[in-house]
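These notes are about the structure you will find just below.
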Amino acid sequence: MAETTVKAVAGSAGLETRVPGEATTVSAAAEATGGLAAGNFIESDIDDELFRFNSDDTPLMNLMLRAKRVKVNSPEVDHFMIDEARSQVVVTHTVDAAVDAAGQLQAVLPLRASDQTIPRPYSTLLVKGVNGYDESGREETPGKELMLFVTGYDPTTNNPVVRAVNGPRANTSDEVCSVPSIPKDTVCVVLANSLYETQKEVDPELIVPQPTRIYLQKRGMNQVVSDYFESQRKRIPFSKAIIAEQAIASFKVRGNRTLWAGRAGKFKVNVPRMGMQTVYCTEGLRWQFKRELQHQGKWTVERIIALAKMFFTGEDVPKTALLLAGKNLLEQIQCIDFSKHPEIQITTKVNSVGWSVTNFHTVFGDIEIKREPTLDRLGWSNSGALIGENRLVHYVYSAEHSFSDRVEGEEATRNGILIWDALALKGGCHIWIDGEGTGGSDDILSFRIWESEEAPDDAQQGDIYYLSCDCPGISPQARAGQMWQLSMETGSDLKPVMVWSEYKGELSLE
């Protein structure tokens, strides 16, 4: 009968150090290390540092352990990414003054269907870019914008009906202002309501957040050690403690990959003697981002500052910004030419997590940059995640615990670890930096940074560009700091025409 040999498989560095699925017995260990007999192990000196687990290998898991911990009673959780209330609405068609049958000057403000219920009766709106008038109603007041007062809703379109607070008057003695023309795509900022003298009742604020379903994944690690192996621990070059430490290290590294790239799933398996059981797979953080920067080209100081602006000036403003980066992205940022920006401060510090990070100081806030080795293992070396440290939630169904059982019918002990949890993003501040060119999906805000005065020649339908400088090639009104989107419309000759418009859409957290 042919002799069988236990062959160790190579790890990431090509070293044959692991035998998957094998119990720790003297025989298995002897064969895996060259076929030496059980009694011929050589006790040699070892480098203890090689066996110490480095927490820097699993940064995301360390963040999860520091995040807000929520104990749940089910492996399925409705997760709410509650954002701050909307602050703006956008006019969809040009508005002209209108006079109703009673002679009161007012107008219907056309909005998108999703925006129509945001301005409630008795609320006020500031119309950006449209000048108001002085008290006489005869002279415009440049820079002092028009304000509208919502009187109700149009029964036909469900759009709000508004009147002007500081609009033009036909006569200086007129009590009511008329509504001036308001161009299409004008932004209206939602201000506080304004009540009459004896009013105490207003429409209540109805907040109905939209949940996403999060599955908690049960992860486990087993290690079987025979009694005979345990009795030989002083005569062999590795102890049970070192083996356990390395098993835990592998368990955490693989778990860290799942926290990044796992895909949500729920299915059943048939277990002998137990019947049908449900398996849950959690959704990785990579697929939870609602904003994605499609990065191309070389990183510059201007791009980093633009990224900080996007992160710190949205509706959801975090306290800190931590960039977990792949090795290529980290190298590109480290090689940025700062000679034209002597005011920029790049320092090394130990952050609140205890990591040594590169701190990039901007006027919007500091970005702490750290390498995440797991991104390299997943093929995302050019990418990274800009995360708000205080915007993570750790859902726990079963806290991490260890166990030690005797193996039935064997002279061996089974030691293991079990954990049932999931990690989720809270809020909409987080930004995924995609440097692999994979493209964004339809359900997220995907954008690029544009640094030229000429319009991009490779733009596609729906592409969004963040302008870091004025871009007359897109539009004379395209200014630095704005976002512009390309759409294709049908021209008079029935041929597609490229049309650029300023992107005023809000981040969707549904």
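The values are calculated or read from the model by the stated rules, or taken from the named source; none is laboratory data. This structure is a prediction, so every number in the text was calculated from the model and none was measured. Because the Cβ atoms are built from the backbone with ideal geometry, glycine has one as well, and the counts that use them run over all protein chains shown. Please note that ligands, DNA and RNA were not included when accessible areas were found on the heavy atoms of the full protein model with its side chains. Shrake-Rupley method; radii C 1.70, N 1.55, O 1.52, S 1.80 Å.
Per-structure values
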read-out: Check on VAL396, of a type in the set (A, V, I, L, M, F, W, C), modelled with pLDDT of 90 or more and open to solvent by less than 10 Å² (accessible area, probe 1.4 Å); value: yes
read-out: Residue satisfying all of: in region 301-343; assigned to a loop (DSSP other than H, G, I, E, B) and open to solvent by less than 30 Å² (accessible area, probe 1.4 Å); nearest to ARG291 (Cα to Cα) among these; value: ASP316
read-out: The lone exception for VAL269 - which of (1) at pLDDT 90 or above; (2) part of a loop (DSSP other than H, G, I, E, B) it fails; value: (2)
read-out: Those residues of region 343-388 which are within 26 Å of THR438 (Cβ to Cβ) and either among the acidic types (Asp, Glu) or free of Cβ contacts under 8 Å to residues at least 12 places away in the same chain (or both), in sequence order; value: GLU368, GLU372, ASP376
read-out: Search result, residues across region 352-393 that are part of a helix (DSSP H, G or I) and either open to solvent by less than 50 Å² (accessible area, probe 1.4 Å) or polar (S, T, N, Q) (or both); value: PRO373, THR374, LEU375, ASP376, GLU389, ASN390, ARG391
read-out: Number of the exception - SER123 against (1) among the small types (Gly, Ala, Ser); (2) at pLDDT 80 or above; (3) surrounded by fewer than 16 Cβ atoms within 10 Å (Cβ to Cβ); value: (3)
read-out: Output for region 66-89, where each listed residue is modelled with pLDDT under 80 and surrounded by 12 or more Cβ atoms within 10 Å (Cβ to Cβ); value: PHE80, MET81, ILE82, ASP83, ARG86, SER87
read-out: Condition broken by SER487, with the remaining ones in (1) farther than 20 Å from THR300 by Cβ; (2) open to solvent by 40 Å² or more (accessible area, probe 1.4 Å) satisfied; value: (2)
read-out: Matching residues, region 472-491, being at pLDDT 80 or above and not polar (S, T, N, Q); value: PRO472, GLY473, ILE474, PRO476, ALA478, ARG479, ALA480, GLY481, MET483, TRP484, LEU486
read-out: Residue list for region 273-288, restricted to those being of a type in the set (Phe, Trp, Tyr) and assigned to a strand (DSSP E or B); value: TYR280
read-out: Hey, GLY409 surrounded by 18 or more Cβ atoms within 10 Å (Cβ to Cβ) and part of a loop (DSSP other than H, G, I, E, B) or not; value: no
read-out: Filter result for ILE214 (closer than 30 Å to THR278 by Cα, open to solvent by less than 80 Å² (accessible area, probe 1.4 Å) and of a type in the set (A, V, I, L, M, F, W, C)); value: yes
read-out: Selection status of PHE447, modelled with pLDDT under 90, open to solvent by less than 10 Å² (accessible area, probe 1.4 Å), of a type outside the set (Val, Ile, Thr) and over 30 Å from ALA244 (Cα atoms); value: yes
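Here is a yes/no grid of residues against (1) at pLDDT 90 or above; (2) in a loop (DSSP other than H, G, I, E, B); (3) among the polar types (S, T, N, Q):
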site: PHE149; (1), (2), (3): yes, no, no
site: VAL161; (1), (2), (3): yes, no, no
site: ARG169; (1), (2), (3): no, yes, no
site: SER173; (1), (2), (3): no, yes, yes
site: VAL176; (1), (2), (3): no, yes, no
site: VAL179; (1), (2), (3): no, yes, no
site: LEU195; (1), (2), (3): yes, yes, no
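Yes/no per residue for (1) in contact (Cβ under 8 Å) with a residue 24 or more places away in the chain; (2) farther than 15 Å from THR92 by Cα; (3) crowded, with 17+ Cβ neighbours inside 10 Å; (4) touching a His at 6+ places or on another chain (Cβ under 6 Å):
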position	(1), (2), (3), (4)
LYS128	yes, no, no, no
GLY143	no, yes, no, no
ASP174	yes, yes, no, no
LYS184	yes, no, no, yes
LYS200	no, yes, no, no
